[in-house]
Structure formats: C-alpha cells, structure tokens
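Visitor: Next up is a structure, given as structure tokens.
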C-alpha cells in the first residue's frame, strides 16, 4: 500500500493512516497541476517574452525550476515513505536536531502549520504560472468588478486583476519576512552570544541597548525611520528589509544571552578553555549551535509578526513603493472603495491572516517540540 | 521595596534619555526639516536664515542637542513648527484621548481574554477548548488595521449600528443631554477599542488557559474540592484568583503594543490621539512634536514596566525584591 505514493504522492501516507502528511503532499501535487494547467500553455511567451513586453525576465525561470524541484520533492518523500533510509549513526550524529524533528512530527498542529507554510512558499514560487495576468497591467478586466470566474478576487479601480496582485504580493511579503528575520536572528544571536559570553560591562552595555529598543513601540520607531528617510530613497524594498531586520533582533538577543549564560558554565566549555581554544571559536563552534533551537522557534513566530508589521507600514503608505503590489498596500488601495468594492480590502487581508497563522502554527509546534515539559502529551 | 523602586526609577532615566538621543540622531541624519514648507527655490537666503534662526535651526547639531535635552528635562517641549503652538499643548490634547482608548481596550482585552481562557482551561481538550484555540489563533494573526476596516465594513456600512469614526457625533453632540453625550462617547469607543484589543485578548486567553491549568493541578484545589465546595466556587474563588496573578502583571507590558496598534487604529477611526499625532508629525517632519511624542511614549512604557514589576510583588507576596 505504501508504494501507492509513487503514483500519487500522499496516497501512500493516506492509506497508511497518516492523514495530515498525506493531504499535505496531495495539496502540493494539486498546486503543481494547477500551475501546469494555468501556465504551461503560455510557457514560450513567459520564458521568452517579446522585446516590446519588457524582454527577458527571471521570475518565470525561477518558477520553472521550482516546479521541477517541488515535483522532485513530492516524489522523493513518497519514495522515502515506501523505503525509509537505513539508520546510519554516522549521518544522524546531531541528536539535538533529530530529537526536535521526532518531537515535532508528533505535534499535529505544528505539522499542519508546516504544510500551510510550504503551500504559501510554493504558491509564491509558482506565481508566474498561476497568476493569469501581470499584477501591474491595467484594464485586464472591467473596473471594480466583483469576484467571478476569470477574476477570482475581482478587479480594482484600474481594472487590474486582484488575484494576480495578491499572488505577486505573497512573493514580496514572504521574502521580506524571511530576509528581515534572517537579518534580525543573525544580529540577535551575535549580540546575545557576545553579551552572555563576556558578561560584565559588555553584557550590561549591550543589554541596555536592547532594553532601550524594546521600550519603543516598534511600529512607531519604524514609521519614524522610514518617514524621515523617505525623501532619501528609503522606500525601496531593500531598505525596508534592512530596517525591519535592524529593529527586530532584541527578542533573539535576550533568548541567546540566557542560553549562553547557562551553557558556558558546563563542562565542555571548560574543556574548550583547557584546550586553549580562542574565545570566538568557543562561541561560534561550541556555544551558538547549542543555543540555536529556541532561536529557530522564535524566528518562525517572528516571520509572522514581521509580515504584520510590513503590512502595517505598507498600509500607511510607508512600505514598498507603488505600483509594486504588497498585501498591506492593496488593503490601503481598497479603503476608498469600501462601498463599491469591498473585495479589494477583504482578500489581501485574508491572505495576511492565513500567512501569519501558518507561521504561528509552525512556531507553536516547534516550541512544543522543544519544551521537554510537554513531551508525551500529544 | 522602596529602595528597589527608587533604583528602578533611577535606571529608567538614562533609558529615556537614550531614546531621545536616538530619535534626535535619526532626525539629524534625515534630509530636510519642517521649515522646508516655508521656502520656494526663489526664497532669498537672508529670509531663509531668518526663519531658520527663529526655530533655532541655525545652530550646529550638538548645541541643539544640548538645548533640546535641557528643555525636555525642565518640562519645556518647545513649539511645533507645523502648527506653530506649544508642543505641550498639542500633546496634552491628544494624550487623554489615547489613554481613553487604551483603557477601553485593556478592559475588553482582560474581560474577553480571561473569560475565554478560563473556559478553555475548565474544558481542557473539549470542543470548546479547541474551538476557542482556533478562533484565538485566527484573531491573534489578524492585522489590527484590517480588523478595523472589516468592523467598519460590517457594522457601519452594511448594518449601520455604530458610528464609523471620530470621538463624538460631529453634528448632534452639542444638542444632546449629558446622559446621551456619555452614551455617544461610549458608542464611538467600541469599534476602535475592539479593533485594538482583540488580537491581544487572544494572547491573554492563551496565557490564562495555561495559568489556570497550572493552578488547577495544585494541592489546595484538591483540598477545596475535597471539602465539598461547588465546582464553580472552586474554579472562580480558588482557581481564577491565583491564575490571574501573572495576567495582571503582564498588563503593564502591553503598552508598547497598544501604542503601535493605536497608530493604525487611530488613523482609521479618525481618533484624535497620540498615534495620529505622531504619524502626521512624521509626515511633516515636525521635529519638536516627534521628540515630544517619543518622550511621552517612552515615559509611559517605562512606567508600565515598573508598575508590572511592582504589581508582581504586590499580588504575589512570595516574591520579595531587595
């Protein structure tokens, strides 16, 4: 029965009773089919657009590679379900992560969230195939028409297809979330590990800065920074990402600091010192990897909140500049048309909720998997 | 206790000054200032100099920094360049409105959060528990500005039950009796209050659930049950009273979130509070107002943290600070 997955990934899981993973895999395959049906007919013009339509573009090529990659992933998972890899202690050396994986798999809501996050990422990657229109091209339909077949989410006041705009908005919002959190997690780990390891004046100085930034409402600080530097060109995606990253590291640094404080008293650090290892090596090679698990939990929750903050910035007109479609900006566009076209506000907002919710589910699942107190309750 | 409070207050002073310094540096680094709107490219340089001198902008940055700090510490917030009146006056007009909104949302947040969390804990793993869990996750993940718009869409555009914006009815308010005026104000408070608090309420429900679950497992709950108290009395009088301790203490920590949220919610509901004030000040680069707003925000946040700290030891005498 397990080999049924080779025909349709997920079928094998489903027949064996693993409903969540089965349905998840089938959902991925559904996405692949959707992308193929909607996009492969247009493949030549997408990959090699005529010069009068802007010429060569990277997005469709990325989408094509992702399509192949996602398909490979689905069938690989199905194959591994049928024939699991033999246990190899050399490969599975890092027991911290293996334990986390094992615990995470038992947590149904967490796995659910993971599938949701994957679907969002795959949707964003396959957008050029799935979205029927270019997000910024006007008059692809009548102005302000209600959701219907052909315009799944309706059109806005310029006759732009809202479904395409929301799909392309997912790419922007998700990548901003991921990159900003990567920046802030790195920075937070750096600050936290230095503060925790060296202690004393370094520690109190760095923690003072952390407290200072924590006592400012984040959105207000962001507004101030972006608002002040608006005229200096701060309103590019790049700078928004950097600013979001630079204002979100305080939580991580506190977590890492407390981890390092307890870790550095342990024997293996003593051993490292006795071996005469330099401080940076003890921090980077021995301490940080051991403190990383709670950072990852925090990061998956932080992606959700970063998406929220970015949406709020765009909503106030201080995010990514128009005409680029982001969820917050579309909601803002729709404000004027609440009476005649409520769908402009409703759908991007629902997408924000869906995205943030998936990351929160995933983060909660990871946290429960990490927390030994909760072991064995699921 | 007193020494602890004093130390905390003393530690908070450099924090507030640090925030003001940070904002000052940001303003200095940014191009342009609020006086730009007085000039055209044809403005003669002498006039320009005069205007800049009037607002004290002709001095070098470090001198202005010292002056700003001195003035702030003596309670002088300066004059708004855009509105051309004292910042203190502007802030004092906006602050009560924001506090009113914040109080309303704290009340909603506590009531909804504590009630839902307790129901969840009492019915652990039941359908009510899972249902509320899913609903709270949904609202927790919702951007407050979108919730505000949806509330407007449903409750004022589709079914005109509640007023859509402002603090009072723009036309009728002056002709109402005092009783009606209070009612009118309450009506205008509901939507912004709900929009600001629901996401936080979901967070509090979660806290309350785990807190009450923790308490229910204690020995004294078993004792209370063993002596034959009715179940509701066990939960409400012995369980919830103890489970509420951590919830009350995190109240003070909610302020930064409330302020962040109020920026959006006040903009949408045309609520003349600090959030809207700071947004318009940022758009017009009105430095004195921006610094004044941040000063007030930081003071309130620091005070909130301190109160949270102190409440912790007041409600739970087992914790002693030295």
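The values are calculated or read from the model by the stated rules, or taken from the named source; none is laboratory data. The model shown is predicted, which means the values in this text are computed figures rather than measured ones. Cβ atoms come from the backbone with ideal geometry, glycine included; neighbour counts cover every protein chain shown.
Visitor: Tell me which residues, restricted to the range A:49-66, are at pLDDT 80 or above and out of contact with any helix residue (DSSP H, G or I) (no Cβ under 6 Å at 6 or more places or on another chain).
Guide: Of everything in the range A:49-66, those that are at pLDDT 80 or above and out of contact with any helix residue (DSSP H, G or I) (no Cβ under 6 Å at 6 or more places or on another chain) turn out to be A:58, A:61, A:62, A:64, A:65.
Visitor: Out of all the residues in the range B:225-258, which are within 13 Å of chain A (Cβ to nearest Cβ) and modelled with pLDDT of 85 or more?
Guide: Correct list: B:258 only.
Visitor: Residue B:85 fails exactly one of the following numbered conditions: (1) at pLDDT 90 or above; (2) within 30 Å of residue B:181 (Cα to Cα); (3) more than 21 Å from the chain's Cα centre (by Cα). What is the number of that condition?
Guide: Just one mismatch for residue B:85, condition (1).
Visitor: Sort through B:135, B:102 and tell me the only one that's under 18 Å from residue B:276 (Cα atoms) and within 14 Å of chain A (Cβ to nearest Cβ).
Guide: When all the criteria are applied, what remains is B:102.
Visitor: Now a separate question. Of these, A:291, A:311, which one is facing another protein chain (nearest Cβ under 10 Å), assigned to a helix (DSSP H, G or I) and either over 18 Å from the mean Cα position of the chain (by Cα) or surrounded by 24 or more Cβ atoms within 10 Å (Cβ to Cβ) (or both)?
Guide: A:311
Visitor: Moving on. Any chance you could count how many residues in the range B:1-14 are within 20 Å of residue A:213 (Cβ to Cβ) and surrounded by fewer than 18 Cβ atoms within 10 Å (Cβ to Cβ)?
Guide: Number of matching residues: 4.
Visitor: Every residue in the range B:259-272 that is away from chain A (no Cβ under 11 Å) and either under 14 Å from residue B:94 (Cα atoms) or not in a loop (DSSP other than H, G, I, E, B) (or both), please.
Guide: B:266, B:270, B:271, B:272
Visitor: Exactly one condition in (1) at pLDDT below 85; (2) surrounded by 20 or more Cβ atoms within 10 Å (Cβ to Cβ) is not met by residue B:176; state its number.
Guide: Single failed check for residue B:176: (2).
Visitor: Can you tell me which of B:209, B:200, B:185 is without any contact (Cβ under 8 Å) to a residue 60 or more places away in the chain and part of a helix (DSSP H, G or I)?
Guide: Exactly one of B:209, B:200, B:185 is without any contact (Cβ under 8 Å) to a residue 60 or more places away in the chain and part of a helix (DSSP H, G or I), namely B:185.
Visitor: So which residues in the range A:188-226 are within 27 Å of residue A:327 (Cα to Cα), in contact (Cβ under 8 Å) with a residue 40 or more places away in the chain and surrounded by fewer than 22 Cβ atoms within 10 Å (Cβ to Cβ)?
Guide: A:218, A:226, listed by residue number.
Visitor: If I go through the range B:157-178 residue by residue, how many of them are within 11 Å of chain A (Cβ to nearest Cβ) and not in a loop (DSSP other than H, G, I, E, B)?
Guide: Qualifying residue count for the region: 2.
Visitor: Restricting the search to the range A:321-369, which residues are outside any helix (DSSP H, G or I) and either under 21 Å from residue A:175 (Cβ atoms) or within 8 Å of chain B (Cβ to nearest Cβ) (or both)?
Guide: Across the range A:321-369, the qualifying residues are A:321, A:322, A:323, A:324, A:325, A:326, A:338, A:339, A:342.
Visitor: While we're on this one: Can you go through B:41, B:31 and tell me which one is in contact with a helix residue (DSSP H, G or I) (Cβ under 7 Å, 6 or more places away or on another chain) and surrounded by fewer than 14 Cβ atoms within 10 Å (Cβ to Cβ)?
Guide: The match here is B:31.
Visitor: Something else: Filtering the range B:242-277 down to residues that are under 19 Å from residue A:315 (Cβ atoms) and over 13 Å from the mean Cα position of the chain (by Cα), which residue is surrounded by the fewest Cβ atoms within 10 Å (Cβ to Cβ)?
Guide: Within the range B:242-277, the match that is surrounded by the fewest Cβ atoms within 10 Å (Cβ to Cβ) is B:270.
Visitor: Only one residue in A:86, A:135 is outside any helix (DSSP H, G or I) and buried (at least 19 other Cβ atoms within 10 Å of the Cβ). Which one?
Guide: A:135
Visitor: Also, I was wondering about something else. Which number in (1) at pLDDT 90 or above; (2) surrounded by fewer than 20 Cβ atoms within 10 Å (Cβ to Cβ); (3) within 14 Å of chain A (Cβ to nearest Cβ) marks the one condition that residue B:142 misses?
Guide: (2)
Visitor: Can residue A:141 be described as farther than 30 Å from residue A:251 by Cα and in contact with a strand residue (DSSP E or B) (Cβ under 6 Å, 6 or more places away or on another chain)?
Guide: Yes, satisfied.
Visitor: Provide a single number: the residues in the range A:162-216 that are closer than 30 Å to residue A:130 by Cα and within 14 Å of chain B (Cβ to nearest Cβ).
Guide: Number of matching residues: 4.
Visitor: Can you tell me which residue is modelled with the lowest pLDDT among those in the range A:217-233 that are more than 8 Å from chain B (Cβ to nearest Cβ) and under 23 Å from residue B:292 (Cβ atoms)?
Guide: A:230
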